[in-house]
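The values are calculated or read from the model by the stated rules, or taken from the named source; none is laboratory data. No experiment lies behind these values; they were computed from the predicted model shown. Note that we place each Cβ from the backbone using ideal geometry, even for glycine, and neighbour counts take in every protein chain shown. To get the accessible areas, we keep the full protein, side chains included, count just its heavy atoms, and leave off ligands, DNA and RNA. Shrake-Rupley method; radii C 1.70, N 1.55, O 1.52, S 1.80 Å.
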Amino acid sequence: MADEKGFTLWFTGLSGAGKTTVSKIVEDELRSRGSRVEILDGDVVRENLSKGLGFSKEDRDINIRRIAFVADLLSRNGVPVITAAISPYRELRDEARETMGDRFIEVYVKASVEACAERDVKGLYEKAFKGEIKEFTGVSDPYEPPLNAEITLDTEHETAEESAHKLLTLLEERQLIPAAQPA
């Protein structure tokens, strides 16, 4: 859409909370409505834009700043952006918010460590609990939940589809996307 509004959906939450799953549903729906949405998934960015970075606080900060830079660049040029990265530190999320202003929409994907560990297909939580993975967010490294997220998706108590619907409704209400056409 030529008159599309740029914005950034900044998904944050623990590993396994459902960030990628919900963001994929939202992406598919936005594309079906004609959007040129771009996804900045944490794992993909790490592999391509932040290769060589570890998981120290300094490296995580660099990674999040890179994601924020690209999200700002795209969204200020009319492209809707979805970021799906743990982004555990409130200070860096606030920095991204300050850069993007009202184009920044913080989406807290909320689920307990226990629920995330149950969903964990990669076995990362088990390794973290055993001390085999150092600096694992939510286990041996802090996760600072948002204080004022625009929306909280409680993926422990709602399906990914319900969470995606809540977020799409918010975007429609803010007139960032057109309302869904009845089938």
For residue 115, the lone unmet condition from (1) surrounded by 21 or more Cβ atoms within 10 Å (Cβ to Cβ); (2) at pLDDT 95 or above is (1)
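Kindly indicate which of 90, 60 is touching a Pro at 6+ places or on another chain (Cβ under 8 Å), within 28 Å of residue 136 (Cα to Cα) and free of Cβ contacts under 8 Å to residues at least 40 places away in the same chain.
Of the residues listed, the single one that is touching a Pro at 6+ places or on another chain (Cβ under 8 Å), within 28 Å of residue 136 (Cα to Cα) and free of Cβ contacts under 8 Å to residues at least 40 places away in the same chain is 60.
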Which of the residues spanning segment 137-170 are surrounded by 19 or more Cβ atoms within 10 Å (Cβ to Cβ) and without any contact (Cβ under 8 Å) to a residue 40 or more places away in the chain? 139
Having 3 or more residues that are aromatic (Phe, Trp, Tyr) and over 21 Å from residue 43 (Cβ atoms) is the bar; report the helices (runs of 4 or more DSSP H) wholly within segment 110-173 that clear it. none
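Restricting the search to segment 79-91, which residues are out of contact with any strand residue (DSSP E or B) (no Cβ under 6 Å at 6 or more places or on another chain) and either acidic (Asp, Glu) or at pLDDT 95 or above (or both)? Can you show your working first?
Here is the first cut: in segment 79-91, the residues out of contact with any strand residue (DSSP E or B) (no Cβ under 6 Å at 6 or more places or on another chain) are 85, 89-91.
Of everything in segment 79-91, those that are out of contact with any strand residue (DSSP E or B) (no Cβ under 6 Å at 6 or more places or on another chain) and either acidic (Asp, Glu) or at pLDDT 95 or above (or both) turn out to be 90, 91.
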Within segment 73-89, is there a residue that is of a type in the set (A, V, I, L, M), open to solvent by less than 20 Å² (accessible area, probe 1.4 Å) and assigned to a helix (DSSP H, G or I)? no
